[in-house]
Amino acid sequence: MEKTVLVFGATGRQGGATAKHLLKSGWKVRGITRNPDKKKAKEAEASGVEMIKANLNDPETLKSAFHGVYGVFSVQNPWITGLKKEVEHGKRIVTMANDAGVQHLIYASAGTGKRDTNVPHFNSKVEVEETLKSSGVPYTILRSASFMELMRDKDFLPPLVMWNVMPKILGEDHPIRWISADDVGAVAAAALKDPDKFTGKELSLGADLKSVKECKELYRITYGKQPKRIPAPVWIFKKMQHDLHQMFLWMKSRSESLTVIEETREIYPNALTVERWMKKMKEIDNPSPPSVRDF
């Protein structure tokens, strides 16, 4: 396969996972970075990604990145850029993809695609979606569930957010739809591989349905201990993270079904359950020592 896919966020979670699965499938992958000398950029390049120095704040620097591109994976991080820049960057990618004649754009979104959630970072994505749908660029929209990485990655402050605030707002027994960032990348690669099936589709993604209580028990079984927890009142969290607080309230108001999980598994049968994901993370944290056979 000689086609090139431009992956935004190639040094991050979703973009990095998408790049990995595309390379595995034989695609050429291109990514952008503001600093090619950074560790993650060098690691992406070593894995086979063509890294180009560019900046989403400067469209002129992006032109070469879009040259000769078949597809695009578009993801923005509002927690780093802010909501206004998220929308600006998302729309800019759509416009440049249209100008470059891109044949398939995968947009990593969230929420429901409607403005009735009262969640700021869901509404910002609706703005980008509306621009994409009216652009004429063939697209697929992926709306992910809660990321399993909330339970582990330091960037998400699991002791405070996952193991303290979420159960206080949602209740320990409220079912939550989960997916790993890696499996989002696998679905994105599958959609790019089969445009006839996925172009024009808006897909909700999820690989498992588990409450915080169930996740906590799986953590205890997997690691042999309870997850660390930082006690903090909800009102302080609301002042610190109003957006996330609103998202948890929205999640509490919803009843999840297994339909989304069945549909996700139809696309990618190997999508990990929370239990399998935790076991995989433990293996990464504590790799087995080499055996005699390895020498």
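The values are calculated or read from the model by the stated rules, or taken from the named source; none is laboratory data. Just so it is clear, the model here is predicted, and its values are computed rather than measured. Positions of Cβ are backbone-derived with ideal geometry, glycine not excepted, and every protein chain shown enters the neighbour counts.
Selection within the range 124-138: residues that are touching a Phe, Trp or Tyr at 6+ places or on another chain (Cβ under 8 Å) and among the hydrophobic types (A, V, I, L, M, F, W, C). The member of this set that is nearest to Asp243 (Cα to Cα) is Val128. Do we find a residue being more than 16 Å from the chain's Cα centre (by Cα), among the β-branched types (Val, Ile, Thr) and buried (at least 21 other Cβ atoms within 10 Å of the Cβ) anywhere in the range 79-92? No, every residue in the range 79-92 fails to be more than 16 Å from the chain's Cα centre (by Cα), among the β-branched types (Val, Ile, Thr) and buried (at least 21 other Cβ atoms within 10 Å of the Cβ).
The set of residues in the range 63-78 that are assigned to a loop (DSSP other than H, G, I, E, B) and among the polar types (S, T, N, Q) comprises Gln76, Asn77. The C-beta contact set for the range 272-284 (first residue without any contact (Cβ under 8 Å) to a residue 12 or more places away in the chain, second residue buried (at least 16 other Cβ atoms within 10 Å of the Cβ) and not basic (Lys, Arg), distance under 7 angstrom, 6+ apart or interchain) comprises Lys280/Leu272.
Considering each residue of the range 158-175, count those that are in a loop (DSSP other than H, G, I, E, B) and buried (at least 18 other Cβ atoms within 10 Å of the Cβ), and give that number.
Adding up the residues that qualify gives 4.
The rows are residues; the columns are (1) outside any loop (DSSP other than H, G, I, E, B); (2) in contact with a Lys or Arg (Cβ under 9 Å, 6 or more places away or on another chain); (3) at negative phi; (4) touching a residue at least 40 places away in the same chain (Cβ under 8 Å).
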| position | (1), (2), (3), (4) |
| --- | --- |
| Lys20 | yes, no, yes, yes |
| Leu23 | yes, no, yes, no |
| Gly26 | no, no, no, no |
| Ile32 | yes, yes, yes, no |
| Thr61 | yes, yes, yes, no |
| Val87 | yes, yes, yes, yes |
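Per the conditions (1) assigned to a loop (DSSP other than H, G, I, E, B); (2) in contact (Cβ under 8 Å) with a residue 12 or more places away in the chain, the sole criterion not satisfied by Asp37 is (2).
From the list Pro289, Pro269, Pro227, which residue is at pLDDT below 95 and not β-branched (Val, Ile, Thr)? From the options Pro289, Pro269, Pro227, the qualifying one is Pro289.
Can you confirm whether the range 242-253 contains a residue that is assigned to a loop (DSSP other than H, G, I, E, B), surrounded by 11 or more Cβ atoms within 10 Å (Cβ to Cβ), free of Cβ contacts under 8 Å to residues at least 60 places away in the same chain and of a type in the set (Gly, Ala, Ser)? Within the range 242-253, none of the residues are assigned to a loop (DSSP other than H, G, I, E, B), surrounded by 11 or more Cβ atoms within 10 Å (Cβ to Cβ), free of Cβ contacts under 8 Å to residues at least 60 places away in the same chain and of a type in the set (Gly, Ala, Ser).
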